[in-house]
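**Student:** This is the structure I have questions about; it appears just below.
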Amino acid sequence: MSVDPVLPEPAGWWQAEGVLRASSTRVRLFSVRYEVTQDGRPVTGWTARTWQPHRDLVIDGHPYALRSEGVARFALEGDIRAHILRTVDHPYGPLSTPHWNIEVGDLTYRMAGSGIGRRFALLTTADAANEAGRVWRTGALRPSYAAQLPAALALPVQVFVLWSAMAIWRASVAAATAAVAR
């Protein structure tokens, strides 16, 4: 199913089975609490004043480390390891479109979309025409995030993909805000 990134998601998407959801609530003037749930069950959470490139989390009872180098490289370390690397098809030209390759063991996915848009599509490298999953955000002042990802990805990897998409969106919004402020 293909949905325009600027249109709202179909009715009922938030309650769909297997959806990973990250909601944010302000806890202090400059601090936000993110709670990640799947099917209403708490999975993990964290409080942050600013985006942290290194985050140690307990996901579903197991410790993991999530690392990022800007929006170009992400790593999940723990019982399960995964990497996300940014690539650009045509780096110099009007067709320049970044995407992120997700590597988990023998599995490889491609996350395509836009940091400015509200949605990323998760594609398999074998079938780039059909979506295997998606990650999206809603809201502007207090955004919420959600992911519907393949069952082949373990829960910690799904949280990692969602966290990485959140980092890409935050960096895109910050860059756009800085460009407008000039």
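**Student:** Hey, can you tell me all the residues within the stretch 133-151 that are at pLDDT below 90, open to solvent by 40 Å² or more (accessible area, probe 1.4 Å) and in contact with a strand residue (DSSP E or B) (Cβ under 6 Å, 6 or more places away or on another chain)?
**Tutor:** THR138, ARG142, listed by residue number.
**Student:** Is one or more of the residues making up the stretch 161-179 at pLDDT 75 or above, open to solvent by 30 Å² or more (accessible area, probe 1.4 Å) and not in a helix (DSSP H, G or I)?
**Tutor:** no
**Student:** May I ask you to verify whether SER23 is out of contact with any helix residue (DSSP H, G or I) (no Cβ under 9 Å at 6 or more places or on another chain) and either modelled with pLDDT of 95 or more or open to solvent by less than 40 Å² (accessible area, probe 1.4 Å) (or both)?
**Tutor:** Spelling it out, SER23 is indeed out of contact with any helix residue (DSSP H, G or I) (no Cβ under 9 Å at 6 or more places or on another chain) and either modelled with pLDDT of 95 or more or open to solvent by less than 40 Å² (accessible area, probe 1.4 Å) (or both).
**Student:** A further question follows. Does GLY45 satisfy the condition of being of a type in the set (Gly, Ala, Ser) and closer than 20 Å to ILE102 by Cα?
**Tutor:** Working: of a type in the set (Gly, Ala, Ser): yes; closer than 20 Å to ILE102 by Cα: no.
So GLY45 fails the test.
**Student:** Right, something else. Please find, within the stretch 1-15, the residue that is modelled with the highest pLDDT out of those that are aliphatic (A, V, I, L, M) and either open to solvent by 30 Å² or more (accessible area, probe 1.4 Å) or under 12 Å from TYR145 (Cβ atoms) (or both).
**Tutor:** Filtering the stretch 1-15 for residues that are aliphatic (A, V, I, L, M) and either open to solvent by 30 Å² or more (accessible area, probe 1.4 Å) or under 12 Å from TYR145 (Cβ atoms) (or both), the one modelled with the highest pLDDT comes out as ALA11.
**Student:** Another one. GLY93: modelled with pLDDT under 85 and open to solvent by 30 Å² or more (accessible area, probe 1.4 Å), yes or no?
**Tutor:** In short, yes.
**Student:** For residues in the stretch 26-69 being out of contact with any helix residue (DSSP H, G or I) (no Cβ under 7 Å at 6 or more places or on another chain) and of a type in the set (Val, Ile, Thr), which is nearest to ALA146 (Cα to Cα)?
**Tutor:** Result: THR37.
The values are calculated or read from the model by the stated rules, or taken from the named source; none is laboratory data. This structure is a prediction, so every number in the text was calculated from the model and none was measured. Note that each Cβ is placed from the backbone with ideal geometry, even for glycine, and that neighbours are counted across all protein chains shown. For the accessible areas, the whole protein counts, side chains as well, though only heavy atoms, and no ligand, DNA or RNA atoms are used. Shrake-Rupley method; radii C 1.70, N 1.55, O 1.52, S 1.80 Å.
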